[in-house]
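The values are calculated or read from the model by the stated rules, or taken from the named source; none is laboratory data. Just so you know, these numbers come straight off a predicted model, no measurement behind them. With ideal geometry, Cβ positions are generated from the backbone for all residues, glycine too; neighbour counts draw on all protein chains shown. Note: areas computed on protein heavy atoms with side chains; ligands, DNA, RNA excluded. Shrake-Rupley method; radii C 1.70, N 1.55, O 1.52, S 1.80 Å.
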Amino acid sequence: MNLRTSSTFYCPRQVIKEILGLIYPVLKICFPLPNVKTIDETIDKIKKDKSSIARYGDGEFLFIMDKIGYDYQKYDEILSRRLKEILKSDNENILIGLPVGYQSLANLNRRSQLTWKSHIVWTYPRLRKFLDMKKTYYNASFTRPFINFSNKTVSERYFRKVKELWQDRDIILVEGEKSRLGVGNDLFSNAGSLVRILGPARNAFTRYHELLNEIVKHDKTKLVLLALGSTATVLAFDLGKRGYQALDVGNIDIEYEWFLRGANSKVKIPGKYTNEAPGGREVEDIRDELYESQIIKRIL
């Protein structure tokens, strides 16, 4: 039984979060947070400079600090080491994204604010040694511009700006076999073309080298979009070093689905792996001819 996600321990977890949240203001004074750009600044930078971005979330930080795996990625020492190395990397063409909680809590709903306050108190004093406090970080949450926001009126503008990143571009989409980004919605309707490489829905890092070798067979003029959990963080960095523009887009499609539905909570999206929603890890098969025609490789 997973103490972090089991409904049995929901109340004790909330009590612990509330206690940690009370410490947050003091912790920020003792341990100033790194410099993290806003979502707008992050999207604008990617668009202007055709930058790559490798993103970190709470899962990656718990993976590094507490050696805790999660449903779609078991703990792996090599993956942990790579995640640590990338945090301090210095490549002007590759942005490193930290979560929105490290930039501002201003427009987050109360539940999300509490989550980030408690998470930062728990991990940040230990995480600091893996960060470069002189470095400018970017906002990993440009792919999560809806469900955790208090004022959701900004979400439409954010999605419109994100979609501009692949306007008329030829896309190589590397995703988990049950993720199905853009299927059933218009997320990529403005792209020039789109092909898919499918990786494992779970523990994708076990096929890391095969995935990387398959991607680099393609021309560097193509935009690589990645949705493979922590594996995408490392792939985005390594592809960026090789001259590709690679964006770790993570949850963008699920967030877009919630936005289109006007969802008030994290609900399961039929036919798509919805990790954070009840029942979302059980994914139905689909029949979609366009989706099937876009798949050029399965590495499962």
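For this structure, a couple of remarks:
- Principal-axis analysis of the Cα atoms of the chain puts helix 155-164 at an angle of about 40° to the longest axis.
- Gyration tensor verdict on segment 197-300 (Cα atoms; rounded if a/c is under 1.5, prolate if a/b is larger than b/c, oblate otherwise): prolate
- Cα→Cβ-extended label distance, 7 Å offset, between GLU156 and VAL216, nm: 4.4
- For LYS220, a cut-off of 12 angstrom between C-alpha atoms picks up these aspartates and glutamates, skipping any fewer than 8 places away in its own chain: ASP170.
- 0 to 90° range, to nearest 10: angle between helix 252-261 axis and the chain longest Cα axis: 80
- Summarising the strand pairing of the chain, around 5 percent of its internal DSSP beta bridges are antiparallel.
- Counting 0.36 nm for each residue step from VAL26 to TYR10 and taking away their Cα separation leaves a gain of 3.2 nm.
- Using the Cβ of PHE188 as centre and a radius below 10 Å, the other residues enclosed give a net charge of 0, where K and R count +1 and D and E count -1.
- For the chain, the longest principal axis of the Cα atoms and the long axis of helix 10-30 meet at an angle of about 80 degrees.
- Shape category assigned to segment 86-185 from the gyration tensor of Cα positions, a/c cut at 1.5: oblate
- Accessible surface of the chain, 1.4 Å probe, proportion on carbon and sulfur as whole %: 50
- Here segment 244-269 is scanned for amide nitrogen atoms under 13 Å from the site 7 Å beyond the Cα of SER189 along Cα-to-Cβ, giving 260.
- Using R0 = 35 Å, the C-beta based FRET efficiency linking GLU164 and ALA106 works out to 0.90.
- Taking all Cα pairs closer than 8 Å and separated by 6 or more residues, the relative contact order of the chain comes to 21 percent.
- Report summary: the helix-based calculation at 222 nm, which adds -39500 (n - 2.57) for every DSSP H run with n ≥ 4 and divides by the residues of the chain, gives -12000 deg cm²/dmol.
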